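Q: Have a look at this one.
Values in this text are rule-based calculations from the coordinates and carry no lab data. These figures come from a predicted structure and were not determined experimentally. Quick reminder, even Gly has a Cβ in these numbers, built from the backbone with ideal geometry, and neighbours come from all protein chains shown.
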Amino acid sequence: MSAPPRLPAGVQVFERGWLSANNILLDDGDHATLIDSGYLSHAPQTIALLRKALGARRVARLINTHSHSDHIGGNAAVQAAFGCEITVPAGMYQAVTDWDEDALLLSVAAQKGERFRADHALAAGEGFVAGGLAWQAHAAPGHDMDALVFHNPEHRVLISGDALWRDGFGILFADVLGTGDGVGEARRTLEAIARLPVDLVIPGHGAPFVEFDDALERAFGRLRAFEEDGARIARNAIRACITFTLLDRREMAVEELAAHLAEVPLYREANARFLGLTPDALTDWLVGDLQRSGVMRREGERLLAA
């Protein structure tokens, strides 16, 4: 097994599991900047991780890559614990200010978030200094149309959020909901990222990695599969978001799952636009798929997170 990639001095990554995105701590000595705060239910753990890393020092600033619940869910708790200012991508600033839970994909996907104060908006083309490094913000629409990635040219490091993972990228919600061209935007984002000098990627989920070209190839392959069969986009969204919900709740009755699929806008739209399954057929497919993947096990009429 190869050694983990070496991070620049002043950069620390808390790799989180399901529910929470990775937290990236950029240390400037007497204070630090945090990139993304994880999910609401993991907020106490996030605060504990930060206090252990910083001791008596504080998080002075929190910057988000995008607006989804697994990235902003701990914002309010971190702000309350450290008194930090919060910077969000310019495109989501108004939604946060108004606390528009539809625009933030909270109510749309039946996920939770706690209202926080956004102090600053960060636009593509702007930059900031954190961890002793100069970071440039680049637009990264696709998974989230207002998302940003952060690039340090000196050390060739990319903080990619959910725009690029080792094995793909985040759900293309715009295509599922019929609100935009997520596939096209994701392709343009990947093409733009490919033009950056990158030796190390710190993704929103999973371990930091150096296999940049291979990750791009996998991501473009995934896009081609989505372009050839739109139903793949819908199945991916349903599978991933229900896995998220099940891991948050730990268990759910089959009947409850069927009602959830019928009630939540994301699943209704995904099924109506791409799959056309009856409620029973949709539930049966999903239960079987999640069992085969090892995400859950079934005990009678109860579905338990594995």
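Q: Roughly how many whole Å is it from the C-alpha centroid of region 252-306 to that of region 139-196?
A: Going from one Cα centre to the other spans 28 Å.
Q: If you don't mind, there's one more thing I want to ask. Once label points are set 7 Å from the Cα along Cα→Cβ at both residue 213 and residue 304, what is their separation, rounded to one decimal in nm?
A: 4.7
Q: So, one more: Taking the Cβ of each residue in 145, 92 as the centre, tally the other Cβ atoms inside 10 Å and list the residues starting with the fewest.
A: Ranking 145, 92 by Cβ neighbours within 10 Å, fewest first, gives 145, 92.
Q: Rank by packing, highest mean first: peptides 121-128, 293-300, 150-157, 31-38, with packing defined as the count of other Cβ atoms within 10 Å averaged across residues.
A: Going from most to least packed, we get 31-38, 150-157, 121-128, 293-300.
Q: Here is a further query. Calculate how many DSSP beta bridges within region 1-92 are antiparallel, expressed in % of all such bridges and rounded to the nearest 5.
A: Given both bridge residues lie in region 1-92, the antiparallel proportion sits at roughly 50 percent.
Q: At 0.36 nm per residue, and after removing the present C-alpha to C-alpha distance, how many nm does the segment from residue 107 to residue 224 gain when stretched out fully?
A: Gain on stretching residue 107 to residue 224: 39.1 nm.
Q: In whole angstrom, and with the biggest value first, how far do the Cα coordinates of region 134-228 range along each principal axis?
A: The Cα atoms of region 134-228 stretch 39, 24, 22 Å along their principal axes.
Q: Could I ask something else about it? For region 230-305, with only Lys/Arg (+1) and Asp/Glu (-1) charged at the beta-carbon, what is the dipole magnitude about the Cα centre, in debye rounded to 20?
A: 360
Q: So, with +1 on the Cβ of K and R and -1 on the Cβ of D and E, and no other charges, what is the size of the charge dipole of the chain about its Cα centre, to the nearest 20 debye?
A: It comes to approximately 720 debye.
Q: So, one more: Which net charge results for the neighbourhood of residue 21, defined as the other residues with beta-carbon distances under 11 angstrom from its beta-carbon, given Lys and Arg at +1 and Asp and Glu at -1?
A: -3
Q: Taking every DSSP beta bridge with both residues inside region 134-228, roughly what % is antiparallel (nearest 5)?
A: Just about 70 percent of them are antiparallel.
Q: In the Gaussian network model of the chain, springs joining C-alpha atoms below 10 Å, which of 236, 75, 22 carries the largest mean-square fluctuation?
A: Evaluated over the chain, the most mobile residue of the options is 236.
Q: Can you list the residues of region 121-136 with backbone N under 20 Å from a point 7 Å past the Cα of residue 199, pointing along Cα to Cβ?
A: Inside the label zone: 130-136.
Q: Within region 1-78, which trypsin sites (Lys or Arg not before Pro) sit in a loop by DSSP and count at most 13 neighbouring Cβ atoms inside 10 Å?
A: Sparse-neighbourhood loop trypsin sites (Lys or Arg not before Pro): 6.
Q: Each label point is 7 Å from the Cα along the Cα-to-Cβ direction; what then is the distance between the points at residue 12 and residue 123, in nm?
A: Reported label-point gap for residue 12 and residue 123 is 3.5 nm.
Q: Right, here's the next one. For the chain, what is the mean residue ellipticity at 222 nm derived from helices alone (per DSSP H run of n ≥ 4: -39500 (n - 2.57); sum divided by total residues; nearest 500 deg cm²/dmol)?
A: Counting only the DSSP helices, I get -11000 deg cm²/dmol.
Q: Specify which labelled value, from (i) 1.04; (ii) 0.96; (iii) 2.25, agrees with Rg/Rh (Cα atoms, Kirkwood Rh) derived from the coordinates of the model shown.
A: (ii)
Q: How many times 2.2 N^0.38 Å is the alpha carbon radius of gyration of region 230-305?
A: Region 230-305 yields a ratio of 1.00.
Q: Could you point to the residue in 65, 105, 11 farthest towards the positive end of region 1-121's charge dipole, with +1 and -1 charges on the Cβ of Lys/Arg and Asp/Glu respectively?
A: Of the options given, the answer is 11.
Q: Could I ask something else about it? Using Cα-Cα distances under 8 Å and only pairs 6 or more residues apart, what relative contact order does the chain have, in percent?
A: 14
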